[in-house]
1. Between Arg79 and Asp31, how high is the FRET efficiency from 1/(1 + (r/R0)^6) when r is the Cβ-Cβ distance and R₀ = 25 Å? Nearest 0.05.
2. Placing +1 at every Lys and Arg Cβ and -1 at every Asp and Glu Cβ, with all other atoms neutral, what dipole size does the chain have around its Cα centre, in debye to the nearest 20?
3. For the chain, what is the calculated [θ] at 222 nm in deg cm²/dmol (nearest 500), taking -39500 (n - 2.57) for each run of four or more DSSP H residues and dividing by its residue count?
4. In whole percent, how big is the carbon plus sulfur part of the accessible area of segment 40-81, probe 1.4 Å, protein atoms only?
5. Positive end of the charge dipole of segment 41-103 (Lys, Arg +1 and Asp, Glu -1 on Cβ, about the Cα centre): tell me which of Ala47, Gln73, Leu57 has its Cα farthest that way.
6. In whole Hz and in residue order, list the ³J(HN,Hα) couplings for segment 13-23 that follow from phi through the Karplus curve 6.51 cos²θ - 1.76 cosθ + 1.60, θ = phi - 60°; x for Gly and Pro.
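The values are calculated or read from the model by the stated rules, or taken from the named source; none is laboratory data. Note that the structure is a prediction, hence the values are computed from the model and not measured. Here the Cβ positions follow ideal geometry from the backbone for every residue, glycine too, while neighbour counts run over all protein chains shown. These area figures cover heavy atoms from the full protein model, side chains too; ligands, DNA and RNA do not enter into them. Shrake-Rupley method; radii C 1.70, N 1.55, O 1.52, S 1.80 Å.
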Amino acid sequence: MIIGKLEFMRRARLDDATLEVWIEEAWLAPDRTAPEPAFSEADLARALLIRDLTDDLGVNAAGVGVILDLLDQVHGLRRALGDTLRVARARRADVDDGDAGRS
């Protein structure tokens, strides 16, 4: 689901200046192909995480950047592992199908 900028700011409880800083820091990367930046539900979850980190846990800007970078790496590794598992399962299925053909 695509969320417009004003709705995103309302749901994330952000003002325009804070949103712009977060975008400049590359903590959020809205889709800019439309005339107005568009956000996803994942962007909203990320914004709420940033708010929790800064407001509730007192993490400074440098810490937020490190945490988000590490989370992005974890998600990338999960995707890569998922891809690897799909390939391994497909290869295993091909081997199993080949064995069944010999019986």
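1. For Arg79 and Asp31, the calculated efficiency is 0.80.
2. The dipole of the chain has a size of about 460 debye.
3. Theoretical 222 nm ellipticity from helices: -23000 deg cm²/dmol.
4. The computed percentage sits at 63.
5. Gln73
6. Per-residue couplings from phi come out as 6, 10, 8, 4, 5, 5, 4, 4, 4, 4, 5 Hz.
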